[in-house]
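Engineer: Once you've had a glance at the structure underneath, I'll fire off some questions.
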Amino acid sequence: MAFNTLYTVLVADDEDELREAVCTMIPWQELGFRLVGSASNGLDALQLVEKHEPDLLLTDIRMPFISGIELARQVREMRPTTNIAFLSGYDDFEYAQRAIQYNIISYMLKPLTVKGLEDELRMIRQKIDVQFSMFRQAVPRSDEQGPRTNELMALVLDGYSDLDGKAEAYALQCGLLQNKNDRPFYTVMVSVLVKGDGTFDTPASFADSVDRLAAKYLRGASFFSLNKVVSVLLGSPADFGEFLYILADEITQMSGRVLDRRCRVGVSRMVGDPGALCDAYREAMEAILQGDRAEAGAQFISDLEPAVKGGELLCKRALEALEQHYMDPGLSLVSLSGMLDVSPNHLSACIKKYAGETFINTLIQKRMEAARELLSTPGLKIRDVAERCGYTDQHYFSYCFKKYCGESPNSMRRRLEEERSGEAL
């Protein structure tokens, strides 16, 4: 292998025999992988991804509770560095095409022989090798001090007012505007690698690594200046809403996984004209300098103001919002962060730090607490209890309930009824 390391892999399939065969019959280490776990449904797979942070998720596309496509979407939001390989039948190919954007590295058709799977895993390993190599062995671009880069640096670091027309002229010259009618929105992102004492220790080549990742999601350009990489990203508000936090997470995760380095990313607000890029740069720097400078992670300037968006108070607000909306089947980390006007990265870290649990587990626990209370209501059907707790699938609800409460909803209801009958005697 390129880096003398084993890539971690998680296997998810609801067919017990197939899953067991894949886990036990594949010579994982010989192929350059280390098996870290297996799951029989999408929910367990998602929780294991959050726990083990695998390099590869090998999953059936049709899974109980959370489909393969929905699993891929949520994995990308949580762990964008995790590659996903689908196992599925011929009829699912068009269905799988919908998930191509979610870091799908391979699509394998069932039935699959052990040899066929081994061959595909070798190819997947080579693809991940290339991903890691491109991130690790990036070199400064030949145009690092070229005219376009110098103009971009002047626009971001020095600042030019649109009043004298220089901002638009520089933006056209350095490629931020395609023509005078082009009106994208901008965000400035600053990325640094840090030492244990929090001082910046970023090589110039890191600009190329950041640019390669950014190109997966958004238009933009990066340059290196004074131990940091400065990126100007272009897009629509919808683009930024969907991709910006994923990109920031991927940069920090890849830095930790591939370079074994802590990375901090600061992100500005969205601005509508190139004349505001200097102010946006200052915001990104302000964001990156907040908190423990030796700690890896992404920080958005919007997460810092007002003060109620930070720390234990934000966690309290999140739990209050979760209390009000847990019955919504579509509630997710992204939708909750939108309600609180903070980034998903920031909210996830805050909940984990102050509540001591991940968002997924916190939400499930809240739903199970509500379910226990509802089950004590006579005449309320299990299906109705499930719906009131945010589950559209009764079987999914029953699975979660038994997993977290140690007994099925029906068993608990019978036990509660017996206890009430005993008290009445």
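The values are calculated or read from the model by the stated rules, or taken from the named source; none is laboratory data. Remember, it's a predicted structure, so these values are computed and weren't measured experimentally. Methodologically, a virtual Cβ is constructed for each residue, glycine included, from the backbone with ideal geometry; neighbour enumeration extends over all protein chains shown.
Engineer: So if I check each of Glu53, Glu77, which one is surrounded by fewer than 20 Cβ atoms within 10 Å (Cβ to Cβ), of a type in the set (D, E, K, R) and modelled with pLDDT of 90 or more?
Structural biologist: So the residue among Glu53, Glu77 that is surrounded by fewer than 20 Cβ atoms within 10 Å (Cβ to Cβ), of a type in the set (D, E, K, R) and modelled with pLDDT of 90 or more is Glu53.
Engineer: Which of the numbered conditions does Met368 fail, given that it passes all the others? Conditions: (1) assigned to a loop (DSSP other than H, G, I, E, B); (2) closer than 19 Å to Gly42 by Cα; (3) touching a Cys at 6+ places or on another chain (Cβ under 9 Å).
Structural biologist: (1)
Engineer: Just for helices (runs of 4 or more DSSP H) wholly inside segment 263-342: which have at least 2 residues that are more than 16 Å from Leu363 (Cβ to Cβ)?
Structural biologist: Because the criterion is at least 2 residues that are more than 16 Å from Leu363 (Cβ to Cβ), the helices (runs of 4 or more DSSP H) in segment 263-342 that meet it are 277-288, 311-325.
Engineer: Still on this structure, I have one more. Surrounded by fewer than 19 Cβ atoms within 10 Å (Cβ to Cβ), at pLDDT 90 or above and among the polar types (S, T, N, Q), is that true of Gln97?
Structural biologist: It is false that Gln97 is surrounded by fewer than 19 Cβ atoms within 10 Å (Cβ to Cβ), at pLDDT 90 or above and among the polar types (S, T, N, Q).
Engineer: Any idea which residue in segment 100-121 is nearest to Leu247 (Cα to Cα), counting only those that are of a type in the set (S, T, N, Q) and out of contact with any strand residue (DSSP E or B) (no Cβ under 6 Å at 6 or more places or on another chain)?
Structural biologist: Per the stated criteria, the residue is Gln101.
Engineer: Here is a further query. In the list Ile351, Ile288, which residue meets the criterion of being of a type in the set (Val, Ile, Thr) and within 25 Å of Gly42 (Cβ to Cβ)?
Structural biologist: Only one candidate passes the filter, namely Ile351.
Engineer: Also, I was wondering about something else. Return the only residue of Leu259, Leu247, Leu233, Leu226 being hydrophobic (A, V, I, L, M, F, W, C), closer than 25 Å to Arg148 by Cα and surrounded by fewer than 23 Cβ atoms within 10 Å (Cβ to Cβ).
Structural biologist: Leu226
Engineer: While we're looking at this one, here's another question. Could we say that Asn83 is touching a Phe, Trp or Tyr at 6+ places or on another chain (Cβ under 7 Å), surrounded by 17 or more Cβ atoms within 10 Å (Cβ to Cβ) and either at pLDDT 95 or above or not basic (Lys, Arg) (or both) here?
Structural biologist: No.
Engineer: Just one of Leu319, Leu277 is over 26 Å from Thr81 (Cβ atoms) and surrounded by fewer than 20 Cβ atoms within 10 Å (Cβ to Cβ); which is it?
Structural biologist: From the options Leu319, Leu277, the qualifying one is Leu319.
Engineer: Something else: So, in segment 284-301, of the ones that are modelled with pLDDT under 85 and touching an Asp or Glu at 6+ places or on another chain (Cβ under 9 Å), which residue ends up farthest from Arg269 (Cα to Cα)?
Structural biologist: Going through the qualifying residues, I end up with Ala294.
Engineer: What pairs come out if I take residues in segment 345-365 that are of a type in the set (Asp, Glu) and pair them with residues that are surrounded by 23 or more Cβ atoms within 10 Å (Cβ to Cβ) and in a helix (DSSP H, G or I) whose C-beta lies under 9 Å away, six or more apart or interchain?
Structural biologist: Glu357/Ile351
Engineer: Follow-up. Collect the residues in segment 19-39 that are assigned to a helix (DSSP H, G or I) and out of contact with any strand residue (DSSP E or B) (no Cβ under 7 Å at 6 or more places or on another chain), keeping them in residue-number order.
Structural biologist: Glu20, Ala21, Thr24, Met25
Engineer: Conditions: (1) at pLDDT below 90; (2) on the phi > 0 side of the Ramachandran plot. Asp260 meets all but one. Number of the miss?
Structural biologist: That leaves (1) as the condition not met.
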